[in-house]
């Protein structure tokens with residue numbers, strides 16, 4: 001059985017853990033699965049003189065910010081591909097999109113007709129999730145295929161941050 005599995009990756013340890021967990025527990029050895037690694041660059045906030053903020057960025061500064069965002073995207077995708085280096089017979093595709101991660105993950109999953117979406121969870125509490133929104137919550141409620149939310153064990157989170 002061939003499956004197409006989308007894994008959303010970002011700069012956080014949670015998405016790297018979710019990808020590792022997926023590789024160990026979902027991807028079958030010698031399968032013909034396709035693993036799609038998706039990184040979504042968040043929208044760039046640009047202030048202009050017209051918005052009353054008083055900030056106006058020169059084209060050089062905007063170009064520098066764009067280069068940095070592209071470098072981050074490339075770094076995240078390369079790190080994710082390294083985790084997948086030992087896969088046999090599994091096709092690994094990468095995609096970098098630009099926009100709101102919640103909407104783009106849903107849209108890409110639907111357009112590609114994936115069989116499953118795997119997401120890491122930042123483990124935000126109720127209040128932080130209310131203010132920041134939860135990408136995984138949004139995707140779980142809006143994607144038509146199964147969505148697996150992988151939560152990083154507290155032991156891993158505390159040992160990697162100390």
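Express in nm, to one decimal, how much length is gained between residue 142 and residue 81 on full extension, taking 0.36 nm for each residue of separation and deducting their alpha carbon distance. All intermediate terms of the calculation are to be shown ahead of the outcome.
Numbers: separation 61, 0.36 × 61 = 21.96 nm, distance 2.71 nm.
Full-extension gain reported as 19.3 nm.
Hey, can you rank 113-121, 60-68 by average C-beta count inside 10 Å, highest first? List each step's numbers first, then the result.
Numbers: 113-121: 20.8, 60-68: 11.1.
Highest mean packing first, the order is 113-121, 60-68.
So for 7, 150, fewest C-beta neighbours within 10 Å to most, what's the order? The partial results should precede the final answer.
Working: 7 28, 150 20.
The most exposed by this proxy come first: 150, 7.
Please order 95, 102 by the number of other Cβ within 10 Å, starting at the fewest.
Working: 95 14, 102 18.
Fewest-to-most Cβ neighbours within 10 Å comes out as 95, 102.
For the peptides 140-149, 10-19, what is the packing order when you average, over each peptide's residues, the other Cβ atoms within 10 Å and list the highest mean first? Please list the in-between numbers first.
Details: 140-149: 15.2, 10-19: 19.5.
Highest to lowest by the protection proxy: 10-19, 140-149.
On a C-alpha basis, how far is the centre of region 62-92 from the centre of region 1-43 in Å? Whole number, if you could?
Spelled out, the Cα-based centre of one part sits 13 Å from the other.
Please order 58, 31 by the number of other Cβ within 10 Å, starting at the fewest. Could the numbers behind the result be given before it?
Working: 58 8, 31 15.
Ordered from fewest to most neighbouring Cβ atoms within 10 Å, 58, 31 come out as 58, 31.
Where a number appears in this text, it was derived from the coordinates with a stated rule and is not lab data. What you see is a predicted model; the values in this text were computed from it and never measured. Cβ coordinates were reconstructed from backbone atoms using ideal geometry, including for glycine residues, and neighbour counts include every protein chain displayed.
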